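Everything below concerns the one structure shown next.
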Amino acid sequence: MIRLYDTMERRKRDFVPADPKRITMYVCGPTVYGRAHIGNARPAVVFDTLRRLIEHQYGAGSLTYARNVTDIDDKIIAAAEVEGVEPSVITERYERFYLEDMGALGVAPPDIAPHATAEIAPMVTMIATLVELGHAYEAEGHVLFAVASDKDYGVLSRRDREAMIAGARVEVAPYKRDPADFVLWKPSAEGVIGWDSPWGRGRPGWHIECSAMIAAHLGETIDIHGGGLDLIFPHHENEIAQSRCAHGRKPLARYWVHNGFVDMGAEKMSKSLGNVVTVDQLRKVHREEALRLALLSAHYRQPLAWTEALIAQAKATLDGLYRKVGDVEPGDVDRGVMDALRDDLNTPLALTRLMALNDPATIKSSGALLGLLSQTGEDWLKDRNPHVTVPLVGLSMTVHQGVIRAENHIEQKIAERAEAKANRDFGTADRIRDELAAEGVILEDGPGGTTWRRA
Ligand SMILES: [Zn+2]
């Protein structure tokens, strides 16, 4: 049994697909106007790993995985204007780069990759349905979703109204009935890309894209909807509202799975801080498989501090594993590695167990479940990869294992505290929090569950 932390219910739940022969998963994909940074790569690698686990558990072909490509957006239009080209020149270029970069990290393309510009008709149909049912209204060439018409709005993010309005950084436009209402369709000015619609020539808002494409390709209710924590509000909240109101209040997804952020050392990675590092830049100086392992070294819901030392540790771990596997054929997957992954994709624990294995065939097949050890030991250790590698001064497997062990200990304590809270044993919950605080680990309870950081 796979267990997943469901953001909707704020707890780990047994994963029971509606149809085990046709499991459906949708992950919000890239807006293609620039190179992907390492934060963008995290959901791609995390959900690729979940996909491998599901296909291992339920059989090849049991999962239909869709990841969209947002190829119409104001940032794309702006980038096209700067270069003096059609938006499609920008989007085709950066989609190609995205697939190259993710492929280098061992991420297989999804089964379905719907493009927004190719799916305008289902979006228009869904918007028209929402207008007809009184959940959306037209105003000055825009169509807006009427948040007040959905009594359950806010169910995923659990925000109150004021926080929602502040969080959405909404434009208070005079044509909006309510500042929280969001755009389903907006007018395109002369010379700007647009499509004909019942509300005039224009283009869709971002949120409706996912709702319409999920319904068109996977169905009205899917098993797993994934994405980064930053998408919970407003994007996923709005997807839920649109889909539920258009589909007779059926839920959009049965499990909501969100990954945490990548931080640059102690700082949050952001364009405004100027500390964004692209996958492309990293690929020039590091082994690609080491980047994947580094991304999987923390639990997917925890923040991941991206440092040179982390990548060097990942490379050292792979050196050790490749020395053990040589060129053997894969055998059976190790039960311990599998159990760790089944428990809400506990990749740090899975890696600890992988490193403790000694049988080469078991290491090879268990590594493959994490998307690792795809080469032969000889190829890896010869370093045929043209990339420069960072010297491993003062780093060793022992250091790496120590770090992972420490993280597991914290994860274990967080799980015990969650269980205590679920049993209304607040004394134990507080004691665990205080014990971790004494070790310099600060817990923070948030919408994606409990996260931790060092004091
Ligand atoms: Zn989406």
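What follows draws every value from the coordinates through simple rules; no lab data is involved. Every value quoted in this text rests on a predicted model; they were computed, and no experiment measured them. Positions of Cβ are generated from backbone atoms using ideal geometry, with glycine treated the same way; all protein chains shown enter the neighbour counts.
Could you work out the relative contact order of the stretch 246-378? I mean the mean sequence separation of Cα pairs under 8 Å and 6+ apart, divided by the number of residues, in percent.
25
Report, in listed order, any pair from K271/K315; K75/K271; K12/K268; K75/K250; K151/K176 with a Cα-Cα distance greater than 22 Å.
As for pairs spanning more than 22 Å Cα to Cα, those are K271/K315; K12/K268; K75/K250.
Could you list, bin by bin from short to long, the percent of Cα-Cα pairs of the stretch 237-288 in 5 Å steps?
4, 15, 14, 13, 11, 9, 12, 12, 8, 2, 0
Can you list residues from other chains, or at least 5 along the same chain, whose modelled amide H is less than 5 Å from the amide H of D263?
Result for D263 returns L304, A305, W306.
Please compute the contact order of the chain in relative form: average sequence separation of alpha-carbon pairs under 8 Å and at least six residues apart, divided by the residue count, as a percent.
With pairs under 8 Å counted, the relative contact order is 17 percent.
Sort C245, C28 so that the residue with the fewest other Cβ atoms within 10 Å of its own Cβ comes first and the one with the most comes last. Write out the running numbers ahead of the final one.
Working: C245 23, C28 20.
The most exposed by this proxy come first: C28, C245.
Which of the three applies to the stretch 294-368, rounded, prolate or oblate, going by the alpha-carbon gyration tensor with a ≥ b ≥ c and a/c under 1.5 meaning rounded?
oblate
When N counts the residues of the stretch 184-282, how does its alpha-carbon radius of gyration compare numerically with 2.2 N^0.38 Å, as a ratio? Don't skip to the answer; put the middle values down first.
Working: Rg = 17.4 Å, N = 99, 2.2 N^0.38 = 12.6 Å.
The value comes to 1.38.
Please compute the net charge surrounding L144, taking Lys and Arg as +1 and Asp and Glu as -1 over other residues with Cβ under 9 Å from its Cβ.
-1
For a distance above 37 Å, tell me the whole-number percent of Cα pairs in the chain that qualify.
Of all Cα-Cα pairs in the chain, 28 percent lie more than 37 Å apart.
Give me the dipole magnitude in Debye, nearest 20, for the stretch 142-292 about the Cα centre, with unit charges on the beta carbon: positive for Lys and Arg, negative for Asp and Glu.
Here the size comes out at about 40 debye.
For the chain, what does the helix formula give at 222 nm: sum of -39500 (n - 2.57) over DSSP H segments with n ≥ 4, over the residue count, nearest 500 deg cm²/dmol? List each step's numbers first, then the result.
Numbers: 16 runs with 198 residues, N = 455.
That comes out to -13500 deg cm²/dmol.
Would you work out which of Y300, T49, P348 lies farthest towards the positive end of the dipole of the chain? Charges go on Cβ: Lys and Arg +1, Asp and Glu -1.
It is P348.
Measuring from a point 7 Å past the Cα of E439 along Cα-to-C-beta, which residues in the stretch 296-331 have an amide N at less than 15 Å?
So the set is 299.
What ³J(HN,Hα) values, in whole Hz, does the Karplus curve 6.51 cos²θ - 1.76 cosθ + 1.60 give for the stretch 238-248 when θ = phi - 60°, with x put for Gly and Pro?
Those phi angles translate into 6, 4, 4, 4, 4, 5, 4, 6, 7, 10, x Hz.
Could you work out how much longer the chain between S88 and R323 gets when fully extended? Use 0.36 nm per residue separation minus the Cα distance between them, nm to one decimal.
Length difference between fully extended and current span is 80.0 nm.
List the pair-distance distribution P(r) of the stretch 43-172, using every Cα-Cα distance, as the percent of pairs falling in each 5 Å bin from 0 up to the bin containing the longest distance, rounded to whole percents.
Each 5 Å bin holds this share of Cα pairs: 2, 8, 11, 12, 14, 17, 16, 13, 6, 1, 0.
Assuming R0 = 22 Å, what is the FRET efficiency of E55 and R96, from their Cβ-Cβ distance, to the nearest 0.05?
The calculated FRET efficiency here is 0.25.
How much of the DSSP beta bridge set in the stretch 212-270 is antiparallel, as a percent to the nearest 5?
Around 25 percent of the beta bridges assigned by DSSP in the stretch 212-270 are antiparallel ones.
Using amide H atoms built in the peptide plane, which far-off residues or other-chain residues are under 5 Å from G228 H to H?
N259
Which order do E288, E444 fall in if you start with the one that has the fewest other Cβ atoms within 10 Å?
Arranged by neighbour count, lowest to highest, E288, E444 become E444, E288.
Dipole magnitude of the chain about its Cα centre, charges +1 at Lys/Arg Cβ and -1 at Asp/Glu Cβ only, in debye to the nearest 20?
860
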